[in-house]
Structure formats: structure tokens, C-alpha cells
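Step one of this worksheet: look at the structure below.
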Amino acid sequence: MVGSRYQIVQPREVLEFYRDLTEVAGYELETAGVLKAGRKFWALARTGKSAALKGNDVVNGYLLLATSCDGTLATVAMPTTVRVVCNNTLTIALRDGVGAVKVPHSTTFDAQAVKRQLGVAVGQWDSFMYRMKTLAERKVKTHEAMNYFLKVICNADSHTDLSVGLTNERALKKVQMLYEGHGRGAEMHAAKDTAWGLLCAVTEFVDHEKQARSQDNRLDSAWFGQGAVIKQRALDHALQLVA
């Protein structure tokens, strides 16, 4: 049940919008699907942007477009990176807040306006990847790694009693294991003992390891829910290490 102001966006419109983007910007629609038994639908388009961190750790640029039929999600377009070695995703959202483009269902979906806003967002690719390269150059000591994971996974700051971390002990141990060589790509030159490695351990945990009732729920969380919040926190704290 929706209100009279609710603007319906049909799956066909979303895919047509993607097709337009593909033609205008040279993007390539790669995959599409649904979540929550069809209540949300999404598509990923490859932007053609790609960068390699030291030791050939390749990151590709994508655009994630999603909308919902039940009003739980605005129509959203998010520039996203995918790390090839482990398929981890990370939304390109820098501190100035220009990242995802959101169109609430109470307003009409204006494809042209979204394309203009996306021009700004996708334009951040070079700046974003420059920062990721600085993360790969930043060597991390053992105590820094522990502090980082406490802040990101347990949302604890340096003034918090470390026992706060025990509530998320399983998650904390898992992320540390991923960072210390068990994660896909953890031994690569760019990730080993670096701030980039810290960030990748968290994104892999959220995308592939975090407890969830189903793969569907995990993906929904990683892109739009609590998992997305954790990944953004991981990015923010990683960037603080190179500030």
C-alpha cells in the first residue's frame, strides 16, 4: 500500500535508463537481479574505469542502480568499485558527501537530472583511486590494525573500554584473520600490512563472511543496510590513517 504521491518506477524504466547511460557514457550493462523476492531490483553497469594498485591489485569501476517496489528504498545510483581478486564492493563516497544519487519515490524520476548528478559522482573516480593508492602505501603496525578493527567493527573509539569489542568478538576475529593472510588477495603487495589491506578485510567480511539469514540478506545489507554503514565507516577510518 502506498500513498497518492508515490511515483512508480517500473523495472523496464530502470533498465532503459541504464541502456541510455550505456549509450551516453560508454558503460556496459553487466548484470541485474532482484532482492527480497522482487521487492528490490538492481543492476550493475561497468563504467570502463579501472586502476591497478601496486602488485597488480586491480579495481574496476561500476555503477549500481537500484530501486524498490515497496517504498523501502529510493531509486538510487551509486558509483561503486569492485576489487577483482575477491569481488568486494565499495561505494565511492568521499568526505564531501557527493556519492550516491537518490530519487525519492515521492518525486518523479528524472533520468536527465540523474545523469547530470552522476557526471559529478563518476568524476570522482580518479580522486578516489588516488586515495586508495595512498592507502596501499601506508604501512600499518599491529596495534594500529587492532585499533582500526575495534573502531570499525565494534564502533569503539580510543576512549572506550576495550571490553566493548567482546560483543562482536566473532566478527573481530574473522576480520583479523582475513587481514592476516586468510582473505582473498590479503597477501598481495598492495594489501599486506597496509591500510588498503585493513579496508579490504572489512569489505570482504561484509560482502562474503558476515552472518546473515541468506545470501540475499547479506547482499541487501552490504549494499543498502548495516553492511553498507560498516563499509563506509571502514573507509572513513582508513582515510584517517593517511590524513
If you take the residues of segment 1-15 that are of a type outside the set (A, V, I, L, M) and within 21 Å of residue 42 (Cα to Cα), which of them is modelled with the highest pLDDT? 12
List, please: which pairs have Cβ atoms under 6 Å, are six or more places apart or on different chains, and start with a residue in segment 199-216 that is assigned by TED's automatic domain parsing to the domain that holds residue 234 and end with one that is in a loop (DSSP other than H, G, I, E, B) and surrounded by fewer than 22 Cβ atoms within 10 Å (Cβ to Cβ)? 204/86
Which condition number in (1) of a type in the set (Lys, Arg); (2) more than 25 Å from residue 76 (Cβ to Cβ); (3) assigned to a helix (DSSP H, G or I) is the one that residue 218 fails? (2)
By my count, strands (runs of 3 or more DSSP E) wholly in segment 1-78 with at least 2 residues that are crowded, with 20+ Cβ neighbours inside 10 Å are 40-53, 57-68
Taking the stated definitions as given, is residue 195 at pLDDT 95 or above and touching a strand residue (DSSP E or B) at 6+ places or on another chain (Cβ under 6 Å)? no
In segment 104-157, the residues that are of a type in the set (Asp, Glu), assigned to a helix (DSSP H, G or I) and either at pLDDT below 85 or under 11 Å from residue 195 (Cβ atoms) (or both): 137, 144
So which residues in segment 179-191 are buried (at least 24 other Cβ atoms within 10 Å of the Cβ) and part of a helix (DSSP H, G or I), if there are any at all? 179
I'd like to check something: does segment 192-206 contain any residue that is within 26 Å of residue 138 (Cα to Cα), basic (Lys, Arg) and not in a helix (DSSP H, G or I)? yes
Only one of 192, 174 is over 20 Å from residue 62 (Cβ atoms) and touching a residue at least 24 places away in the same chain (Cβ under 8 Å), namely 174
Being surrounded by 12 or more Cβ atoms within 10 Å (Cβ to Cβ), of a type in the set (A, V, I, L, M) and at pLDDT below 55 is the filter here; which residues of segment 163-178 pass it? 164
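The values are calculated or read from the model by the stated rules, or taken from the named source; none is laboratory data. Please read these numbers as outputs of a predicted model, since none were measured by experiment. Quick reminder, even Gly has a Cβ in these numbers, built from the backbone with ideal geometry, and neighbours come from all protein chains shown.
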